[in-house]
Structures are given as C-alpha cells and as structure tokens.
Amino acid sequence: MRFTIRLGISLLSLFGSSASISSPPPSKRQQQQQVVIMAYNNNNPLPSTLLSYDAQLALDVAQNGDFGHDNVQISDDALRIHWTLDAPSLETAFTVVDHGNLLDPRDMPEPYFLGSDDQGKPKWHRYAASPFTTKPVASVRPAVDPLDNWEAFWEATHRVHYDPDWERSKEEPPVQICCGVARPTGKGSEVVVQGTGAPGGFVTVHDFLTTMHAYLMSRREDILEAMHMDLLRKRLGSEDIGSDTKLIVTPMTLMGVPSITVSTEKEWTRFNRVR
C-alpha cells in the first residue's frame, strides 16, 4: 500500500498542474525513445550500441506490453544489496544478503567490501561487476523517493493554509512560500548513472552504488527535510526525523521505472521484516 500511495503522489505531482495549449518539446530521453520505437515499428535496424534504460524499456513495452515479463528491470544481484545511508564510506554502506528488501534473521550477510589488494586497491564482492539491470543498459536515471515527491509533500502540507477550500485556480502562479517554508521547486533528483562495465559500457551494480551513494549523501539533509514533510509517514506513526536518524536505501522497479526509496531504519524494519 505504501508504494501505491507513493506512486499516486508522484503522478499527482507530475500531472496535477494546469495543462498548457502547446506541448513542451520532447526531452533528449523522449527523443531517444521515439527513435527506438520508430525503428522497431518500421522494421528498421535497431541501434547497435547499448540503449539507456528508458529507451530499452520503451522498446520492451513495444514488443511485450506495459508489464511484459521480459521487460528490463533491476537485476536480482542488485536487489541483494542491503544499503545504509549514514556515512560516505562505501566500505561500510553495503552488505550482500539473500534479498536486500527483506529483513530475515536467517540471513548471513556477506561483506561487499573485501579489503585491499597488494597495490592498495579496494576489492569488492563479485556482484559489484554484475549488470545492474536484467538487460545491459548504457545509463540509468532512477526516480528517488522522497526527493521527487518533496514538492507534492509541501503542497499537501501547506495547501490547507493558503487555500483551505481548494478553490485556487490552476492558472494562478503557485504559492512559493507558506509558514516561512519555501516551496522546494526544482529539488527533485536529476542524477544519471553512466555504465563502465565491459563489454559495451553497461551499468554495473558498482556503478550504480558508487554514483547514487555519493549523490544521496550529498543530499542527505534534503532527504531528511522531505521525509519530515511527508504526511503519510506521520499517519503511519513513524518516528520524528533528526540529523542522526539512520536511513536505509531500497532499490526497486515500480511499473517499469528504476526507483529507490529512502526510509528510516525503524520504518524499513517495520515494513520489511520476515514474519
């Protein structure tokens, strides 16, 4: 239920604003998807190089439907990573378990960091070199909860203050500050993970972890502030958020989209413990 509600909030934040008469020009991601779909529909040769995750998913949907079993998604090896967001060090942030999204007392976690070789270079678990996705892709741009939902959280929290009857016209410019708190406009996630795996430069598990861990740590304060504004957390009785709150990162595929969600350690344990 939690993920369904999250997705609903994301969709509202995407489509809840007023529609304009003229559509914006397609982004580079959309252009690449259109090229791939046109090639497929016209029986033309597909690109010989690896596609981005978005373009690969667009091709898979054209071939298999929206929820085809063979559509690209996050790989099983990637889902076995248990990921904490409390310190910058990669040496302590990750362990490998039977399933990273579940807390099973029978699990025997394996270290992700395996020490250093004779030249002092770090050694990593064998899954580090595995593809992050079930089909190799050149890049991945994940959705990040709560950052991508932050503005929707702000709207849900403050709308009752400046528009208690919800009568404000969609054509009016959005309120930018309420209760001394600025609307978090443009503070969603924009990071793209580029692949380094051979052959072809596919995104490995380690590519994703190193890029995203550094990015999420750089925005840890934003993440905590967004979580504090999340009304759903409060309704579920979650604990207060502080700078020392321990956080867990969970990768998952939601409706085909590579996504990660950040929760407190207590929340994660509550919802993911094996009964």
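Please go through (1) out of contact with any Phe, Trp or Tyr (no Cβ under 9 Å at 6 or more places or on another chain); (2) of a type outside the set (A, V, I, L, M); (3) in contact (Cβ under 8 Å) with a residue 40 or more places away in the chain for His158 and return the number of the only condition it doesn't satisfy.
Among (1) out of contact with any Phe, Trp or Tyr (no Cβ under 9 Å at 6 or more places or on another chain); (2) of a type outside the set (A, V, I, L, M); (3) in contact (Cβ under 8 Å) with a residue 40 or more places away in the chain, His158 violates only (3).
Condition (residue is assigned to a loop (DSSP other than H, G, I, E, B), closer than 26 Å to Phe113 by Cα and of a type outside the set (Val, Ile, Thr)) applied to the range 205-225: is it met by at least one residue? Steps first, answer last, please.
Kept after step one, since they are assigned to a loop (DSSP other than H, G, I, E, B), are these residues of the range 205-225: 219.
Narrowing further to those that are closer than 26 Å to Phe113 by Cα: 219.
This time we only want the ones that are of a type outside the set (Val, Ile, Thr), so: 219.
Yes, the range 205-225 has at least one match.
Return a yes/no flag: does the range 185-200 have any residue that is modelled with pLDDT of 90 or more, basic (Lys, Arg) and surrounded by fewer than 20 Cβ atoms within 10 Å (Cβ to Cβ).
Yes, some residue in the range 185-200 is modelled with pLDDT of 90 or more, basic (Lys, Arg) and surrounded by fewer than 20 Cβ atoms within 10 Å (Cβ to Cβ).
What pairs come out if I take residues in the range 191-202 that are touching a residue at least 12 places away in the same chain (Cβ under 8 Å) and pair them with residues that are among the hydroxyl-bearing types (Ser, Thr, Tyr) and not in a loop (DSSP other than H, G, I, E, B) whose C-beta lies under 6 Å away, six or more apart or interchain?
As it stands, the answer is Val191/Tyr215; Val192/Ser139; Val193/Thr211; Gln194/Ser139; Gly197/Thr204, since those pairs meet every condition given.
Considering only residues that are surrounded by 18 or more Cβ atoms within 10 Å (Cβ to Cβ) and not in a loop (DSSP other than H, G, I, E, B), look in the range 228-251 and name the one that is modelled with the lowest pLDDT.
Selected residue: Arg233.
Considering every residue within the range 98-117, establish whether at least one is touching a residue at least 40 places away in the same chain (Cβ under 8 Å), among the hydrophobic types (A, V, I, L, M, F, W, C) and either in contact with a strand residue (DSSP E or B) (Cβ under 8 Å, 6 or more places away or on another chain) or assigned to a loop (DSSP other than H, G, I, E, B) (or both).
yes
Of the residues Lys246, Lys266, which is touching a helix residue (DSSP H, G or I) at 6+ places or on another chain (Cβ under 8 Å) and over 30 Å from Asp70 (Cα atoms)? If you could, list the steps in order and put the result at the bottom.
Values: Lys266 fails: touching a helix residue (DSSP H, G or I) at 6+ places or on another chain (Cβ under 8 Å).
Step by step, each of Lys246, Lys266 is checked, and only Lys246 is touching a helix residue (DSSP H, G or I) at 6+ places or on another chain (Cβ under 8 Å) and over 30 Å from Asp70 (Cα atoms).
Quick check on the range 59-72. Is at least one of its residues closer than 19 Å to Gly197 by Cα and either in contact with a strand residue (DSSP E or B) (Cβ under 7 Å, 6 or more places away or on another chain) or part of a strand (DSSP E or B) (or both)? Give the steps one after another, and end with the answer.
Let us first name the residues in the range 59-72 that are closer than 19 Å to Gly197 by Cα, namely 72.
Subsequent filtering for residues that are either in contact with a strand residue (DSSP E or B) (Cβ under 7 Å, 6 or more places away or on another chain) or part of a strand (DSSP E or B) (or both) retains 72.
The answer is yes, given that some residue of the range 59-72 is closer than 19 Å to Gly197 by Cα and either in contact with a strand residue (DSSP E or B) (Cβ under 7 Å, 6 or more places away or on another chain) or part of a strand (DSSP E or B) (or both).
May I ask you to list pairs of residues, at least six apart or on different chains, whose Cβ atoms are under 7 Å apart, with the first in the range 161-179 being within 16 Å of Trp150 (Cα to Cα) and the second being in a loop (DSSP other than H, G, I, E, B)?
Pro174/Arg183; Val175/Arg183; Gln176/Arg183; Ile177/Arg183
Evaluate the range 216-227: report whether one residue or more is in contact (Cβ under 8 Å) with a residue 12 or more places away in the chain, closer than 20 Å to Gln73 by Cα and either surrounded by fewer than 20 Cβ atoms within 10 Å (Cβ to Cβ) or not aromatic (Phe, Trp, Tyr) (or both).
No, the range 216-227 contains no residue that is in contact (Cβ under 8 Å) with a residue 12 or more places away in the chain, closer than 20 Å to Gln73 by Cα and either surrounded by fewer than 20 Cβ atoms within 10 Å (Cβ to Cβ) or not aromatic (Phe, Trp, Tyr) (or both).
The values are calculated or read from the model by the stated rules, or taken from the named source; none is laboratory data. Treat the numbers as computed from the prediction; the structure is a model and nothing was measured. Cβ sites come from the backbone with ideal geometry, for glycine too, and all protein chains shown count toward neighbours.
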